[in-house]
Amino acid sequence: MATVLVTGGSGFIGAIASCSSWQRGHRVRTTVRNLQREPEVRALLREGGAEPGDQLAFAAPQISSAMPGGPEAVAGCDHVLHVASPFPASVPKHEDELIVPAREGALRVLRAARDAGVKRVVLTSSFAAIGYGHKPQSTPFDETNWTNSRQRRHPPLRQVQDPRRAGGVGFHRPRGQRPRALGGQSGRRPRPGAGRGLLDLDPAVCSA
């Protein structure tokens, strides 16, 4: 039985990931910013048909960090699903209020996973990182696609207000800076026998 860490367990995707992991026979550890939310998360999983009992554990982020997923949370886990990321209810004054915490949170998780010998990390990003500034295409987007900041119809960075949802906010920025940042985490070789892999998902729309 493997142990899976799911960051952001109180969120929509995090709750589904926790529920699905447990239903597939794995132990689940999930991070929440406030451990007092455990009853709320368990109730959320119950709605999805999951009663994990003691097969579900909770971890809080490090006091010095605003994002979960530090070494203590990752220790002893076989796999990591990093789905926690800040999503403000209103437009931030500056894009870095959203982008920097998301980037630094991902780097913290990857460093901790590397040091703990985690086998696989699944990281959720955003379609905004890959899907803009291109001609219409019918083929799936993959790791070769990047948001194209050189297209006039798509500036390097812009705010987008989703008319279907009050407060829906997005910042579209090319993915180039992220691979350079994430690539730096591969400079150290893993311990012998500790295989690692990274899968990056870029969802377009998530709704209940």
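Couplings for segment 13-30, taken from phi via the Karplus curve 6.51 cos²θ - 1.76 cosθ + 1.60 with θ = phi - 60°, read 5, x, 5, 5, 5, 5, 4, 5, 5, 5, 5, 8, x, 9, 6, 10, 10, 10 Hz in order; Gly and Pro are left as x. Panel order for L199, L45, by other beta carbons found within 10 Å of each beta carbon, from fewest to most: L199, L45.
Between amide H atoms placed 1.01 Å from N, distances below 5 Å from T30 occur with V6, A57, F58, A59, all of them 5 or more places distant or on a separate chain. Packing, taken as the mean count of other beta carbons within 10 Å per residue, orders the peptides 137-148, 4-15, 80-91 from highest to lowest as 4-15, 80-91, 137-148. For D200, the residues whose amide H sits under 5 Å from its own are L123, ignoring neighbours fewer than 5 places away on the same chain, with H placed 1.01 Å from N. FRET efficiency for the F141 to V91 pair, using the beta carbon distance and R₀ = 25 Å, is estimated at 0.45.
Ordered by the number of other Cβ atoms lying within 10 Å of each residue's own Cβ, fewest first, H94, H79 fall into the sequence H94, H79.
None of the figures in this text is laboratory data; all of them are computed from the coordinates on show. On a predicted model such as this, the values are computed, not experimentally measured, just so you know. No Cβ is skipped: glycine too gets one built from the backbone with ideal geometry, and neighbour counts run over all protein chains shown.
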